[in-house]
Amino acid sequence: MDALSKVIDGYVDKLKATFEGKIDFEGQRKADKLNNWILSLTTIVALIAGYILQSMLLTFGIYGAGFLTALLVIVPPWPCYNKHPVTWLPSLKKQGKVKTK
């Protein structure tokens, strides 16, 4: 059982490394706005189309397609979400300015 656990942990670590991406604060704002727009527009279109055609299946189908579109657009760390990387201040320890008591 321990060997199986190590194999599974190895696969999980590979998946994390593959899907974990860094995006900056501006990218987070852009992703949030895109998500809100995509889901809001999809909801409105789905409700109107479902009401006109009297089909709950169509309503949920359109909304599901919009959700999958939002998932594809928002979740991967696309390069457009990392155009303004954060520049951190240099460490005080490296500059020798840390006072010890």
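Some values worked out for this structure:
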{"item": "Residue in region 1-37 that is surrounded by the fewest Cβ atoms within 10 Å (Cβ to Cβ), counting only those that are of a type in the set (A, V, I, L, M) and closer than 20 Å to N82 by Cβ", "result": "A17"}
{"item": "Residues of region 72-88 that turn out to be part of a helix (DSSP H, G or I) and either in contact with an Asp or Glu (Cβ under 8 Å, 6 or more places away or on another chain) or modelled with pLDDT under 85 (or both), as a count", "result": "1"}
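The values are calculated or read from the model by the stated rules, or taken from the named source; none is laboratory data. Being a predicted model, the structure only gives us computed values, none of them experimental. Counting neighbours? That spans all protein chains shown, and the Cβs are built from the backbone with ideal geometry, glycine included.
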